[in-house]
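These notes are about the structure you will find just below.
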Amino acid sequence: MVRLQKFLAEAGVASRRASEQIILAGRVSVNGQTVSELGRKIDPNHDKVAVDGTPLRAKRKLYVALNKPRGYVCSRRDEFKRRTIGDLLPREWSGLYSVGRLDFDSEGLLFLTNDGQFSLQLTHPRYGVRKKYLATVEGRVATETLGKFTHGVTHEGEKLKVAGARLLSVSNSHSLVELELAEGKNREVRRLFESQGLTVRRLQRTQIGKIKLGELPSGKWRTLTEPEIKSLLPKL
């Protein structure tokens, strides 16, 4: 069961607040009966809802995993005419938007959806959905540096901190580091290394919650399964 105004918003009639005004104006009917008071709940699978006599159907919710390549912008349009993630998706999916972002030079796992609540629960810090990244860093990274990351460092007046850090390989030319983040601040991984005078040459997101990038090829997408979607949502 969902509130009527939420159903209207998800069907694309108007925002939830504007949908409330449409209900109060007596323009909405449920199973042929006019509803003009807020608080009504409906079953989208059985109740028939109409606005101004026109039947409505809830939009089908889509949840997509994309392996974003480097050199793409996480938006539908770009003022500088750069390639966007929309170029990688079917044209009929123009209503999907990214859940969070990966910057232009970063790559890896990115979710897209038309479900605003799903997006909020994956991006708001209070839900604590963790994400893993692989960073290829120029030069040799010391284990002491990773200790600083787990305790927290300050960069440009902001505290940055990781939930976990592992040094996977190291040489004089480069180091491979896995980081786990509970928050997604702007350019956080790159800024962590910048705070120690280190440069990230490649950055790939490999996991969100329990969902791993796996063998999904660069530039390709797949839909999330029902169990995967449920695994990403907080237990209420």
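For the stretch 68-98, the set of residues classified as buried (at least 21 other Cβ atoms within 10 Å of the Cβ) and in contact (Cβ under 8 Å) with a residue 40 or more places away in the chain consists of LYS68 only.
The residues of the stretch 144-197 that are within 16 Å of GLU107 (Cα to Cα), surrounded by fewer than 17 Cβ atoms within 10 Å (Cβ to Cβ) and of a type in the set (A, V, I, L, M, F, W, C) amount to a single one, LEU176. The residue of the stretch 74-88 that is nearest to GLU178 (Cα to Cα), among those that are modelled with pLDDT of 95 or more and either in contact with a helix residue (DSSP H, G or I) (Cβ under 8 Å, 6 or more places away or on another chain) or of a type in the set (A, V, I, L, M) (or both), is ILE85.
Return yes when GLY152 is under 25 Å from the mean Cα position of the chain (by Cα) and on the phi > 0 side of the Ramachandran plot and no when it is not.
Judged against the criteria, GLY152 is a match.
The test for being among the acidic types (Asp, Glu) and at pLDDT 90 or above does not hold for ASP43.
Where strands (runs of 3 or more DSSP E) sit wholly within the stretch 164-234, those with at least 2 residues that are within 28 Å of GLY139 (Cα to Cα) and out of contact with any Asp or Glu (no Cβ under 8 Å at 6 or more places or on another chain) occupy 164-170, 174-181, 200-208. In the stretch 40-137, counting only strands (runs of 3 or more DSSP E) that sit wholly within it, the ones holding 1 or more residues that are closer than 26 Å to VAL200 by Cα and of a type in the set (Lys, Arg) span 63-68.
The values are calculated or read from the model by the stated rules, or taken from the named source; none is laboratory data. These numbers were taken from a predicted model, which means no experiment stands behind them. FYI the Cβ positions are ideal-geometry reconstructions off the backbone, even for glycines, and counts take in every protein chain you see.
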